[in-house]
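Heads up: the structure comes next, in structure tokens.
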Amino acid sequence: MSYINGLPVWHNLRTDLFNTIPMVGLGTTLAIIFGIWSGVTAAWRWHRPADYLLTNSSIAFYSFPTQWLG
């Protein structure tokens, strides 16, 4: 039982998970699709400006702290 509202804890978790799981799933799916696309594009255009741009921007975004990206 929750001390704050007296409901079972599972009820509180369930309502939050119904909102969280679709957002996490969508974000993960989009990150995988964008990562594969940018990797294939960078490999396809090897030693060209697109390769350098995609590789450097990927490294830059990977190194950002999570709270800076929102």
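Considered as an equivalent ellipsoid built on the Cα gyration tensor, the chain has semi-axes of 41, 14, 6 Å, the largest given first.
Along the chain, the exposed loop sites are chymotrypsin sites (Phe, Trp or Tyr not before Pro) outside DSSP states H, G, I, E and B with at most 16 other Cβ atoms within 10 Å, and the longest stretch free of them is 4-45.
Between Arg45 and Asp16, the simple spin-label model (points 7 angstrom out along Cα→Cβ) gives 4.3 nm. Spacing of the modelled spin labels on Tyr62 and Tyr3, each 7 Å from Cα toward Cβ, amounts to 4.3 nm.
Bear in mind that the values in this text are calculations on the coordinates, not laboratory data. What you see is a predicted model; the values in this text were computed from it and never measured. Note that we place each Cβ from the backbone using ideal geometry, even for glycine, and neighbour counts take in every protein chain shown.
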